[in-house]
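Below you'll find the structure, written out as structure tokens, and then a few comments.
The values are calculated or read from the model by the stated rules, or taken from the named source; none is laboratory data. These figures come from a predicted structure and were not determined experimentally. No Cβ is skipped: glycine too gets one built from the backbone with ideal geometry, and neighbour counts run over all protein chains shown.
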Amino acid sequence: MRQLTLTLLLIATLFSCKKDDNNTTNNNNTTPTPYVCPTCVTTPEAKAEHDASSGGVYKGVIVGSTGTIALYLYNTGTEVKALVSFDGKSATFTTQSLSSWAPGQAISNALFTGTIDGKAISAYFSVDANGQNPQVQMTIPGHTVTVAVYKETSTSLIKNYEGTFTGDDAGTFNMTLNGNDYSIVVSSGGILEGSLVNGAIDHLTQKDQVEIKGTFKGDDVSGTWKDTKSTKQGTWSGKRTL
């Protein structure tokens, strides 16, 4: 009887261990939860009344090192400001250039100024009367800066990603996304513009023949790059920060 009891205990123990092993295996196969930007909005901030005018909201990315910019022009009341983040520091920029401006009027080189990390920074903003062709030029001491910016509408949230590319070359890889349209800015300079193909990035630059591919997962984006005229290649990745 004692031997039978020991045998039953051994069988029960083995079954329990096997069950635990199966649970461990199942847990290891669990799909990781996609990254979600904790500070990013999930719906457009832009008001519908500014969708076809120069007023409203504009958002984009900065390279040289890295950052983001968001401009608010009469989106809420008469508030005019630019929120700038650069190399981990942030500030609110103000302007005196738009004191007599009204939504629906074109803007040419409106000067926004602010201070980040003790450095005086200038941002010049221009846009057509209907909100098309927004442009930002920035002056940051010690940096050569490139900015890509889109107008946000009440139906299209602008998402901005900051990241890096590595491999046979390395540097900053930032992107701003407007629906299916994107602008990629890298530290080597220039802005690459294109449209998503089936929700993914599949881009070949016309000048340098660099192939860029990538996919989105939550607020993460990652992919590969390849110089088709040489053997240089690598990977890139970024996270949404605005």
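If you take the residues in segment 202-222 that are in a strand (DSSP E or B) and under 14 Å from the mean Cα position of the chain (by Cα), which one is farthest from residue 174 (Cα to Cα)?
Filtering first and then ranking leaves 217.
Under 7 Å between Cβ atoms, which residue pairs at least 6 apart in sequence (or on different chains) link something in segment 189-210 that is among the polar types (S, T, N, Q) with a partner that is part of a loop (DSSP other than H, G, I, E, B)?
Taking only residues 6 or more apart or on different chains, the pairs are 195/180; 209/228; 209/229.
Got a number for residues in segment 209-233 being loosely packed, with under 13 Cβ neighbours inside 10 Å and of a type in the set (D, E, K, R)?
2
Looking only at segment 223-242, which residues are more than 13 Å from the chain's Cα centre (by Cα) and outside any strand (DSSP E or B)?
228, 229, 230, 231, 232, listed by residue number.
Buried (at least 16 other Cβ atoms within 10 Å of the Cβ), among the small types (Gly, Ala, Ser), in contact with a Pro (Cβ under 6 Å, 6 or more places away or on another chain) and under 18 Å from residue 178 (Cα atoms): is that true of residue 55 in this structure?
yes
Look through segment 186-201, keep the residues that are modelled with pLDDT of 95 or more and outside any strand (DSSP E or B), and return whichever of them is surrounded by the most Cβ atoms within 10 Å (Cβ to Cβ).
Only one residue fits best here, namely 196.
Identify, by number, the condition in (1) assigned to a strand (DSSP E or B); (2) under 16 Å from residue 235 (Cα atoms) that residue 124 doesn't meet.
(2)
Right, residue 172: on the phi < 0 side of the Ramachandran plot and in contact with a strand residue (DSSP E or B) (Cβ under 8 Å, 6 or more places away or on another chain) or not?
yes
Which residue out of 106, 123 is aliphatic (A, V, I, L, M), within 24 Å of residue 144 (Cβ to Cβ) and either in contact with a strand residue (DSSP E or B) (Cβ under 8 Å, 6 or more places away or on another chain) or at pLDDT below 95 (or both)?
One residue alone meets the criteria, 123.
Just to be sure I understand, how many residues within segment 114-166 are acidic (Asp, Glu) and over 21 Å from the mean Cα position of the chain (by Cα)?
Of segment 114-166, the ones acidic (Asp, Glu) are 117, 128, 152, 162.
In the following step, the residues that additionally are over 21 Å from the mean Cα position of the chain (by Cα) were identified as 117, 128.
Residues flagged as acidic (Asp, Glu) and over 21 Å from the mean Cα position of the chain (by Cα) within segment 114-166 amount to 2.
I'd like to verify a number: residues in segment 127-141 that are part of a loop (DSSP other than H, G, I, E, B), in contact (Cβ under 8 Å) with a residue 12 or more places away in the chain and surrounded by fewer than 18 Cβ atoms within 10 Å (Cβ to Cβ), how many?
5
Go over the candidates 117, 168, 87, 128 one by one and state the one that is of a type in the set (D, E, K, R) and modelled with pLDDT under 95.
117
Residues that are of a type in the set (Lys, Arg) and either surrounded by fewer than 19 Cβ atoms within 10 Å (Cβ to Cβ) or in contact with a Lys or Arg (Cβ under 6 Å, 6 or more places away or on another chain) (or both): does segment 67-90 have at least one?
yes
Quick test for you: out of 172, 176, 153, pick the one residue that is surrounded by 17 or more Cβ atoms within 10 Å (Cβ to Cβ), in contact with a helix residue (DSSP H, G or I) (Cβ under 9 Å, 6 or more places away or on another chain) and either touching a residue at least 24 places away in the same chain (Cβ under 8 Å) or closer than 21 Å to residue 66 by Cα (or both).
Numbers: 172 fails: in contact with a helix residue (DSSP H, G or I) (Cβ under 9 Å, 6 or more places away or on another chain); 176 fails: in contact with a helix residue (DSSP H, G or I) (Cβ under 9 Å, 6 or more places away or on another chain).
Step by step, each of 172, 176, 153 is checked, and only 153 is surrounded by 17 or more Cβ atoms within 10 Å (Cβ to Cβ), in contact with a helix residue (DSSP H, G or I) (Cβ under 9 Å, 6 or more places away or on another chain) and either touching a residue at least 24 places away in the same chain (Cβ under 8 Å) or closer than 21 Å to residue 66 by Cα (or both).
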